[in-house]
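Take a look at the structure set out below.
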Amino acid sequence: MSSPRTLGPWLRRFLTEHIVTERNLARNTQKSYRDTFLLLLPFVGTRIRKPVDRIAIEDLTSRRVRQFLDHLEEDRGCSVQTRNQRLSAIRAFARFVASRDPAQIEWTGCIRAIASKKAAPKPIGWLTKTEMAELLEAPNRRTPRGRVEHALLLFLYNTGARVSETTHLVVDDLQIGRRDGAHALVNIRGKGRKERQCPLWPRTEAVLAELAQGQRAADTVFLSRQRRPYTRFGVYRLVERSGARAPSLAGRRITPHMIRHTSACHLLQAGIDLNTIRAWLGHASLDTTNVYAEIDMEMKAKAMALCDATEPGPDRPWKTSNGLMSVLTAL
């Protein structure tokens, strides 16, 4: 029988009960937390010369967690963002243990005291309308496979959807070909199981209607060559392959998330307000969306033109007053 102080039983309860049942977090969150401990436990076991199944809570000291985080950056070449993500998973586990066993509150405090590293924000890459048009034209639409690939790329651009949201899209999520003449919509299930609706362009509606023809409501919309739902890896490979075929994108690494950024920037250029873009992309906070207001250089150039002060005005006989300077100097 496992000791109540070993990590195994605690981890099983944390990953299978707490994350899924009690917190109702996304499957991707569960996988991310699992992957953290798949890396952490062998690292600690090697350091203390114990099998993974015998590692106790006391063995997971704050010093060893810091060593593990350094190992991620120095030996595995992970970014600061990845390091902080792994630390968040370990902190969440520590909170879970303390909530069930008050005797571990001190240990939890030591783990939670480990500070996250400040990470310099990465520049956000996005495509111009011309570049995006080339990316959409990369698949050969004369073939059935090319039409599916084109529809998937167009859907990503139209909705700004995340990869996981796209791969889980089913026919029943589409509101197309509506007899009342209403605008075509798609229901998207985002992070935290939050749902949002996004309008579809007529051309997006047309290509999705072709894919959905003859399909059941529960069928996945985007299917691979093997007639199976697209995976995350499959979507990434499609975007990379299409980017390599676009002449203007030669040498650039194109990702699905870059298409998401492109959707936001093009909406901003079209005059759509940030709060609407926030709802369009499914951001929980407007602060996340505000980043797009800073990356559009064309809009910055227009703002500079409006504030152009190259023409000096007439000289004005300002009076000089040493009162304030005298006060500051005397301090």
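Brief remarks on what is shown
- Some residue of region 152-169 being in contact with a helix residue (DSSP H, G or I) (Cβ under 6 Å, 6 or more places away or on another chain), exposed (fewer than 14 other Cβ atoms within 10 Å of the Cβ) and not aromatic (F, W, Y): no
- Answer residue from region 93-112, given it is surrounded by 14 or more Cβ atoms within 10 Å (Cβ to Cβ) and hydrophobic (A, V, I, L, M, F, W, C) and is farthest from the chain's Cα centre (by Cα) among those: W107
- Checked against (1) within 24 Å of the chain's Cα centre (by Cα); (2) surrounded by 13 or more Cβ atoms within 10 Å (Cβ to Cβ), T231 passes all but condition (2).
- Boolean, G8 is in contact with a Pro (Cβ under 9 Å, 6 or more places away or on another chain) and not in a loop (DSSP other than H, G, I, E, B): no
- The residues of region 172-195 that are loosely packed, with under 14 Cβ neighbours inside 10 Å and not in a loop (DSSP other than H, G, I, E, B), listed by number, are G192, R193, E195.
- Neighbours by Cβ (under 9 Å, 6+ apart or cross-chain): first from region 235-255, under 13 Å from E149 (Cα atoms); second of a type in the set (D, E, K, R) and outside any helix (DSSP H, G or I): E240/R253; G243/R252; G243/R253
- Against the numbered list (1) assigned to a helix (DSSP H, G or I); (2) over 30 Å from H283 (Cα atoms); (3) assigned by TED's automatic domain parsing to the domain that holds F233, Q67 comes up short only at (3).
- Only one entry of I57, I90 meets the criterion of being over 30 Å from H257 (Cα atoms) and either buried (at least 17 other Cβ atoms within 10 Å of the Cβ) or in contact with a Pro (Cβ under 7 Å, 6 or more places away or on another chain) (or both), and that entry is I57.
- Residues of region 116-133 classified as among the aliphatic types (A, V, I, L, M) and not in a loop (DSSP other than H, G, I, E, B), total: 2
- Odd one out for A115, checked against (1) under 24 Å from the mean Cα position of the chain (by Cα); (2) surrounded by 12 or more Cβ atoms within 10 Å (Cβ to Cβ): (2)
- Residue match in region 144-153 (condition: free of Cβ contacts under 8 Å to residues at least 60 places away in the same chain, in contact with a Leu (Cβ under 9 Å, 6 or more places away or on another chain), assigned to a helix (DSSP H, G or I) and under 23 Å from Q226 (Cβ atoms)): yes
The values are calculated or read from the model by the stated rules, or taken from the named source; none is laboratory data. Values in this document were obtained by computation on a predicted structure and should not be read as measured data. Positions of Cβ are backbone-derived with ideal geometry, glycine not excepted, and every protein chain shown enters the neighbour counts.
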